[in-house]
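The values are calculated or read from the model by the stated rules, or taken from the named source; none is laboratory data. Every value quoted in this text rests on a predicted model; they were computed, and no experiment measured them. Here Cβ is always computed from backbone atoms with ideal geometry, including for glycine, and neighbour counts include all displayed protein chains. Please note that ligands, DNA and RNA were not included when accessible areas were found on the heavy atoms of the full protein model with its side chains. Shrake-Rupley method; radii C 1.70, N 1.55, O 1.52, S 1.80 Å.
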Amino acid sequence: MRVVIAALLAAWCTGCFPELDWKTLPDSQQQARGLQRALWRTPDELWLLGTDPMLVRSKAGVWKAIDLCPEAGWALEDTAFDTGDVVWAQCIARGASDTFKLFRFAADHSSVEVAAPNGDPRLQLIQTGDTVRFAGAHDLYARDGDRWRVLASHPFQSISDGVGEGVDDFYVNGVFANSVPVTSRWNGQALEPTTLPSTAGMTLRNGKLFSGRSRVLAGALVTAAESPDAAGRNLRFVSALDETRVAFLAMPFSTAFESKSGGGVWLEPGPGAALVFVGHAPFSTGSLSSGGGISFFYAIDETSFLVALPNAVGGQGAKLVEGR
């Protein structure tokens with residue numbers, strides 16, 4: 001009888017939309033407020049930069065929270081990965097704007113505090129492929145063993161972010177004394193101007209740098225033609241899986257799905273290909289809404305997706321939900 005009922009339901013639901021099961025991540029009720037980007041530290045570990053404690057997902061889908069600044073009164077400000085399974089963490093004193101500590105975590109998870117070069121009060125950590133570079137008040141630095149090396153001086157009043165594919169090809173988001181923000185590229189010899197947007201929206205996938213659906217190459221955005229099937233779907237957020245596959249989060253008022261009370265996740269499996277509907281994303285109504293204000297969307301793979309939403313607890317910060 002159960003087999004017959006299952007067969008009838010399957011026949012009745014032929015052509016129905018698939019569904020994603022959305023759940024709030026444990027320990028993410030406050031940590032997702034400063035989420036900048038997701039980076040694969042190894043093929044098996046996805047780290048969410050900008051969360052405190054750091055939220056880390058295994059390829060199997062298991063999450064854990066790692067406290068890189070366990071001392072009382074300190075909060076995580078920045079993180080980057082280095083060769084040899086090394087993790088760098090910069091901590092800031094809570095309630096202060098100019099008191100920092102820099103830690104180097106070895107592969108066995110032991111850590112040492114590292115003094116900043118030239119008395120720099122703060123360093124911006126820049127992920128450059130599978131290693132890291134550092135930006136101080138006036139200079140760009142490399143760390144060679146136990147010594148600092150100056151790469152070059154920079155012209156910015158401050159550098160707020162940076163990322164790149166390698167030590168000779170990375171980008172920094174800086175601000176001049178006139179408060180004008182710019183994105184510059186380090187080409188291995190010098191910083192050169194670009195017309196790129198802020199690096200905060202860029203992410204590395206399989207060693208390649210993307211900004212939204214665009215590939216970042218030599219200071220420019222290379223964007224494949226959008227599928228004609230995307231017209232009218234109100235695709236509000238985008239996450240490139242690689243150079244051929246792109247995921248989108250569509251929000252109401254879209255005609256892309258039957259239920260207009262919520263959004264939906266779509267996958268473009270190849271350049272110009274028709275979009276494939278993956279499942280609903282009920283963020284405009286219901287328990288996951290909290291008034292909208294989505295700040296982050298990331299495709300882990302073709303079946304798992306992350307979205308940062310306002311946190312309903314006191315209206316502060318953000319929470320992270322995963323659909324799969």
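Numbers for the structure displayed
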item: Among residues of the range 130-151, those that are among the small types (Gly, Ala, Ser) and open to solvent by 30 Å² or more (accessible area, probe 1.4 Å), counted; result: 2
item: Residues of the range 20-47 that turn out to be under 26 Å from Ala107 (Cα atoms), in contact with a Lys or Arg (Cβ under 6 Å, 6 or more places away or on another chain) and at pLDDT 75 or above, as a count; result: 3
item: In the range 152-179, residue farthest from the chain's Cα centre (by Cα) [restricted to those that are aromatic (Phe, Trp, Tyr) and open to solvent by less than 20 Å² (accessible area, probe 1.4 Å)]; result: Phe156
item: Top-ranked residue in the range 75-96 [being farther than 17 Å from Thr42 by Cβ and charged (D, E, K, R); ranked as farthest from the chain's Cα centre (by Cα)]; result: Arg94
item: Subset of the range 36-63 [part of a loop (DSSP other than H, G, I, E, B), surrounded by 16 or more Cβ atoms within 10 Å (Cβ to Cβ) and not acidic (Asp, Glu)]; result: Gln36, Gly50, Thr51, Pro53
item: Total residues in the range 154-182, condition β-branched (Val, Ile, Thr) and in contact with a Gly (Cβ under 8 Å, 6 or more places away or on another chain); result: 4
item: Residue within the range 243-253 that is surrounded by fewer than 16 Cβ atoms within 10 Å (Cβ to Cβ) and out of contact with any strand residue (DSSP E or B) (no Cβ under 9 Å at 6 or more places or on another chain) present; result: yes
item: Residues within the range 272-286 that are in a loop (DSSP other than H, G, I, E, B) and at pLDDT 85 or above, tallied; result: 4
item: One residue from Thr99, Thr194, Thr183 being over 23 Å from the mean Cα position of the chain (by Cα) and either farther than 26 Å from Leu68 by Cβ or open to solvent by 20 Å² or more (accessible area, probe 1.4 Å) (or both); result: Thr99
item: Out of Arg205, Arg215, sole residue that is of a type in the set (Lys, Arg), under 20 Å from Glu302 (Cα atoms) and open to solvent by less than 20 Å² (accessible area, probe 1.4 Å); result: Arg205
item: Residues that are more than 17 Å from the chain's Cα centre (by Cα) and assigned to a loop (DSSP other than H, G, I, E, B), drawn from the range 122-142; result: Arg122, Leu123, Gly136, Ala137, His138
item: Residue tally, condition out of contact with any Phe, Trp or Tyr (no Cβ under 8 Å at 6 or more places or on another chain) and farther than 15 Å from Pro197 by Cα, over the range 160-181; result: 6
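Residue-wise test of (1) within 16 Å of Gly162 (Cα to Cα); (2) in contact with an Asp or Glu (Cβ under 8 Å, 6 or more places away or on another chain).
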site: Leu48; (1), (2): yes, no
site: Val56; (1), (2): no, yes
site: Leu76; (1), (2): no, yes
site: Gly95; (1), (2): no, no
site: Val112; (1), (2): no, no
site: Phe134; (1), (2): yes, no
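Yes or no, residue by residue, for (1) not in a loop (DSSP other than H, G, I, E, B); (2) not aliphatic (A, V, I, L, M):
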residue	(1), (2)
Phe156	no, yes
Ser160	yes, yes
Val172	yes, no
Ala177	no, no
Thr183	yes, yes
Gln189	no, yes
Thr203	yes, yes
Ala225	no, no
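Here is a yes/no grid of residues against (1) over 30 Å from Val175 (Cβ atoms); (2) open to solvent by 40 Å² or more (accessible area, probe 1.4 Å):
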{"site": "Ala65", "(1), (2)": "yes, yes"}
{"site": "Trp88", "(1), (2)": "no, no"}
{"site": "Ala106", "(1), (2)": "yes, no"}
{"site": "Ser110", "(1), (2)": "yes, yes"}
{"site": "Pro117", "(1), (2)": "no, no"}
{"site": "Asp120", "(1), (2)": "no, no"}
{"site": "Thr128", "(1), (2)": "no, no"}
